[in-house]
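> Mind looking over this structure? Questions follow.
The values are calculated or read from the model by the stated rules, or taken from the named source; none is laboratory data. All of these numbers come straight from a predicted model, not from anything done at the bench. FYI the Cβ positions are ideal-geometry reconstructions off the backbone, even for glycines, and counts take in every protein chain you see. In case anyone asks, the SASA skips ligands and DNA or RNA and just uses the protein heavy atoms, side chains included. Shrake-Rupley method; radii C 1.70, N 1.55, O 1.52, S 1.80 Å.
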Amino acid sequence: KKKKKQSQQPMQYPSVPPKNRAMVVLGGQWGDEGKGKIVDVLSKDVDIVARCQGGSNAGHTIKVGTSVYKFHLLPSGLVHPHTTCVIGNGVVVHLPSFFNEIDDMQNPTDGGAPLKVEGRILVSDRAHLVLDYHQWEDGVREKALGKKAIGTTKRGIGPALSSKANRTGLRVADLYDFDSFAAKLRDTLANKEKRFQEEFYHPGNYRGCPEGRIDIDKEVERYRVFAERLKPYVVDTVEYMYDALSSGKRVMIEGANAAMLDIDYGTYPFVTSSNCTLGGCFTGLGIPHTAVGNVIGVVKAYTTRVGEGPFLTECVNSPSSPFYDPPKDGKTEYHDLVGQHMEKVGHEIGTSTGRTRRCGWLDLVVVQYTTRLNGYSEINLTKLDILTNIPGGVIKLAVGYTHNGTPLKSFPSSLRTLQECQVVWEEFPTWTEDISKARSYADLPVQARNYVDRIEAFVGVPVTTYITIIYIIIK
């Protein structure tokens, strides 16, 4: 009798001990919560910091002594010399911006300390490329929308991910079959110009950007040079992450953008084009859910957003606001006096765009919703000190929405419904003491502790860390 062949057991992803599971840092609002600062602090204790989604539309500012580093595409853990920084397959990469950012880290323009990058940055061979024609297309689409524009950064993220979805995208790996890459590049640009019935130009929004209409022959040669320079950075990040987690490396996943900008769960269509909730970590790095441990939600003590879209707790300077600031010398402020306080004291200027952020009160309906999506293990509350001496002496906290008199159980998917909602508020007295030097929860004034405790009770997740401008306080 013939022996029955034994079926080969499939290779299983290794069981990652809880202490070695990846830590995830995600934004719990519309971005700009201070994730970069959290990542900077936690990077001291990890080996690998990985990006899993987005592109150069992200912006994290890290200050080390007198040196200021502005990250857009690179993981901000790069400031710690022992870390390896991974750009996963879910990130879309604009190579000119990638190299500009590396050059800036190696030769800071502000005279700061240069960072060593050789051997410390890895780029997935499966990552899709953002081409200049994507950035031009981004601007064309925004212009066509007129007053209904999304308010994108015009960095080409959406068009690049559209190319990915309709299977006309170019990936990092394609650069190393260059004849095929060049042919696809030529075809894609020709098809875009035919479809839009206009010539495509370089966007002119980055250092070293060519001027004028995209010359496809010159563009092909430019990418031939880029391919050679990029080669030392390129790896199979799926294999790399597998080996790293299997061997007990300490990994942190750095989220970009935030949950309310998620393409599926955010305030669609006023969102980014990727999944910036927890699921993006798995698809954007090629790891299973069993490889993830703590999920840290970063939440600002008030709310900001950049670009268009609904924002129910925004402090707009309308005559109906009790903090209305009348026009002076023909100039009308966008924010009322409370919003102006948040904007100016909180230095609310976008790292990537330079745009002033829209400011408003903390919305716990939003935070509770993103907690359900991401399953936060804990919340890091940032910029609590900005609420010190808030105009009027009262802090407002959104704790519910009603629609036509009916309380809503969750954040609505319909923007029309959202815009018709009424906010249910709670109010808390502010504090006048300077809390920037507080070292413990007990050092906070009782009014600040009450505010933090209410957030924790409402969301049902421990608020374990507060970050002021200078210090970190562990509760």
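> Working from Cα positions, state the angle (0 to 90°, nearest 10) between the long axis of helix 364-374 and the longest principal axis of the chain.
Taking the Cα atoms of the chain, the angle to 364-374 is about 30 degrees.
> To continue, here is another question. Could you rank the peptides 173-185, 233-245, 264-276 by their average count of other C-beta atoms within 10 Å per residue, with the highest value first?
The most tightly packed comes first, giving 264-276, 233-245, 173-185.
> Under a Cβ-Cβ cut-off of 12 Å, what is the net charge of the residues other than residue 398 that fall near it, where Lys and Arg count +1 and Asp and Glu count -1?
Around residue 398, the surrounding residues sum to -2.
> As a check on your grasp of the helix formula, calculate [θ] at 222 nm for the chain: sum -39500 (n - 2.57) over DSSP H runs of n ≥ 4, divide by the residue count, round to the nearest 500.
My calculation for the chain gives -8500 deg cm²/dmol from helical runs alone.
> Compare 420, 348 by solvent-accessible area with a 1.4 Å probe and give them largest first, with all protein chains kept in place.
420, 348
> Could you pull the accessible area for residue 52 with a 1.4 Å probe, rounded to 10 Å²?
Using a 1.4 Å probe on the heavy atoms, I get roughly 0 Å².
> Rolling a 1.4 angstrom probe over the protein heavy atoms, how many square angstrom per residue are accessible across the chain?
For the chain, the solvent-accessible area averages 46 Å² per residue.
> Continuing with the same structure: Long-range amide H contacts for residue 200: which residues qualify at under 5 Å (H placed 1.01 Å from N, peptide plane, sequence gap of 5 or more or a different chain)?
For residue 200, whose amide H was placed from the backbone, the distant partners under 5 Å are 214.
> Go through (i) 25.7; (ii) 85.2; (iii) 28.8 and flag the label whose value is the computed mean projected area of the Cα convex hull in nm² for this structure.
Given (i) 25.7; (ii) 85.2; (iii) 28.8, the structure-derived one carries the label (iii).
> Please turn the phi angles of region 418-425 into ³J(HN,Hα) values with the Karplus equation 6.51 cos²θ - 1.76 cosθ + 1.60 (θ = phi - 60°), one per residue in order, whole Hz, x for glycine and proline.
4, 5, 8, 6, 9, 8, 9, 10
> To test your reading of the geometry: what angle, between 0 and 90 degrees and rounded to tens, separates the Cα axis of helix 446-459 from the longest principal axis of the chain?
50
> Pop the C-beta distance of residue 199 and residue 264 into the FRET formula with R0 = 22 Å and round what comes out to the nearest 0.05.
The calculated FRET efficiency here is 0.05.
> If we sort 199-212, 297-310 on the protection proxy, mean other Cβ atoms within 10 Å, highest first, what's the order?
Ranked by mean Cβ neighbours within 10 Å, highest first: 297-310, 199-212.
> Which value, in Å² rounded to 10, gives the accessible area of residue 369 with a 1.4 Å probe and all protein chains present?
Only protein atoms counted, so the area is about 40 Å².
> Under the 0.36 nm per residue contour assumption, what length would be gained going from the current alpha-carbon distance of residue 218 and residue 143 to full extension?
24.3 nm
> What distance in nm separates the simple spin-label points at residue 243 and residue 191, each placed 7 Å from Cα in the Cβ direction?
3.5
> Expected output is a single nm value to one decimal: the length gained when fully extending between residue 428 and residue 162, i.e. 0.36 nm times separation in residues minus the C-alpha distance. What is it?
My answer for the length gained is 91.3 nm.
> Let me ask something else. Per the 1.4 Å probe, what fraction of the accessible area of the chain, in percent, lies on carbon and sulfur atoms?
C and S fraction of accessible area: 51 percent.
> Which trypsin sites (Lys or Arg not before Pro) in region 63-140 sit in a loop by DSSP (not H, G, I, E or B) and have at most 10 other Cβ atoms within 10 Å of their own Cβ?
Sparse-neighbourhood loop trypsin sites (Lys or Arg not before Pro): 116.
> Take every DSSP beta bridge whose two residues both sit in the chain, then give the antiparallel share in percent to the nearest 5.
Around 45 percent antiparallel, to the nearest 5.
> Could I ask something else about it? Under a 1.4 angstrom probe, counting protein chains only, how are 41, 79 ranked by accessible area, largest first?
41, 79
> Please report the accessible area of residue 413 (heavy atoms, 1.4 Å probe, ligands and nucleic acids excluded) in Å², nearest 10.
110
> Skipping prolines and chain starts, which residues have an amide H placed within reach, meaning under 5 Å, of the one on residue 86, given they are 5 or more residues away or on another chain?
So residue 86 has HN proximity to 49, 50, 51, 122.
> When the Karplus curve 6.51 cos²θ - 1.76 cosθ + 1.60 is applied with θ = phi - 60°, which whole-Hz ³J(HN,Hα) does each residue of region 78-87 get, with x for Gly and Pro?
4, 5, 9, x, 8, 8, 9, 10, 10, 9
> Between beta-carbons, use under 13 Å as the cut-off and find the net charge around residue 198, counting Lys and Arg +1, Asp and Glu -1.
That works out to +3.
> May I pose another question? Using amide H atoms built in the peptide plane, which far-off residues or other-chain residues are under 5 Å from residue 463 H to H?
The list, which skips near neighbours in sequence, is 379.
> From largest accessible area down, sort 155, 357; use a 1.4 Å probe on the protein chains.
Output order, biggest surface exposure first: 155, 357.
> Once phi is turned into ³J(HN,Hα) by the Karplus curve 6.51 cos²θ - 1.76 cosθ + 1.60 with θ = phi - 60°, what whole-Hz value does each residue of region 206-223 show in order, with x for glycine and proline?
8, 5, x, 5, x, 9, x, 5, 5, 8, 5, 5, 5, 5, 4, 5, 4, 6
> Against the longest alpha carbon principal axis of the chain, how many degrees, from 0 to 90 and to the nearest 10, is the axis of helix 95-106 turned?
Value to nearest ten degrees: 70.
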